[in-house]
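Novice: Supplied in structure tokens, the structure appears directly below.
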Amino acid sequence: MRKLLVLALVGLVAQLIDGSLGMAYGLTSSTLLLVAGVAPAAASASVHLAEIGTTLAAGVAHWRFGNVDWRVVTRIALPGAIGAFAGATVLSSISTEAAAPWMAAILFTLGAYLLIRFARPLRTDRVGGRLRGRFLGPLGLVAGFVDATGGGGWGPVATPALLVSGRMEPRKVIGSVDTSEFVVALAASLGFLIGLGTEGFLLPTVAALLIGGLIAAPLAAWLVRIVPAQLLGAAVGGVIVLTNARTLLRSADLDGPVRPITYALLAAGWLAALVLAVRALRRTRLARAEAATAEAAAAAPASRAAVVAGELAATGTPNPR
């Protein structure tokens, strides 16, 4: 019972992170399941089955808050589903011994990517134009495959790519990625069902993750507007890197002083990324404040002129030109 409560809490925290960042539900949940000793294919299968419910709830919540671009959803979801089904089929055919380091390596790489991505200022300006299908299709295909084989990766691959394009508001990027993930999770679950059978799903684990995720989904859709993604992304990336480094070191049979030195270096890198993320967040907020001040200053003379014109009109005095 205690284990199920812990898993429910994991699902809740993972969904809060995912709904606020547009990524990391699968990364967080799969990482913790691997640490608990769950086989890689079973971990990914269980997480994706739980994601069918959590992504549906998240999609509805994001839609109600106006965070979804349905054109992007329709163009990225189907290729993502194809990639996820293929990835689930591949992972189902690999032995547990071979899959564990493979999955840990994918998660480690994605965690490192999060650290690097969120240690730098996030691009939030929009340059206009629409995202083309020839960009969204391949992006969905790759993100879906990585997501199924790594137990997570749809958000870490798709969300930064859409953010970097600069053609969507961050909240709509997150909402659209979360909403399209429902189709991806459905396809991955189907692939695992065919490859592993029903015994490949840990139903108590699925139920616990699902309950936690459903509770958090509406709150996460609201938090996306106020939570600083910069700090959250760097924090989550460090946890994922350190946790999966343990599996990689064990698979490589590295003992003695190598492990503590490696952990120390990774922790130092995590701390550096957090410091850089804080600095980037401060610079971004300062730039926004300066831009708002300049805009207000530019609008002040025009507002004053309008007031004067209104007063002259009210008194019947001709407006001097």
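Read-outs throughout are calculated quantities, based only on the coordinates presented, and are distinct from any laboratory measurement. Nothing here was measured: the structure is a model prediction, and the numbers come from that model. Don't worry about glycine lacking a Cβ; one is built from the backbone with ideal geometry, like all the others, and counts go over all protein chains shown.
Novice: Whose amide H sits under 5 Å from the amide H of Gly153, counting only residues 5 or more places off or on another chain, with H placed in the peptide plane?
Specialist: Correct list: Ala24, Gly26, Leu27.
Novice: Taking θ = phi - 60°, what integer Hz values does the Karplus form 6.51 cos²θ - 1.76 cosθ + 1.60 yield along the range 186-202, in sequence order, with x for Gly and Pro?
Specialist: Working through the residues one at a time gives 5, 5, 5, 4, 5, x, 5, 5, 5, x, 10, x, 5, 6, x, 9, 8 Hz.
Novice: List the residues, sorted by chain then number, that are 5 or more residues from Asp69 or on another chain and whose placed amide H is less than 5 Å from its amide H.
Specialist: So Asp69 has HN proximity to Ser176.
Novice: Let me ask you something else. Pull up all non-local amide H partners of Leu202: gap of 5 or more, or a different chain, and H-to-H distance under 5 Å with H placed in the peptide plane.
Specialist: Answer set, sorted by chain and number: Ser46.
Novice: Sticking with this one: How high is the FRET efficiency between Ala289 and Thr262 when r is their beta carbon distance and R₀ equals 35 Å, given to the nearest 0.05?
Specialist: According to the calculation, E is roughly 0.30.
Novice: Now for a separate question. Give the Rg/Rh ratio for the range 129-197, taking Rg as the radius of gyration of the Cα atoms and Rh as the Kirkwood radius, to two decimals.
Specialist: Using only Cα positions, Rg/Rh for the range 129-197 is 1.02.
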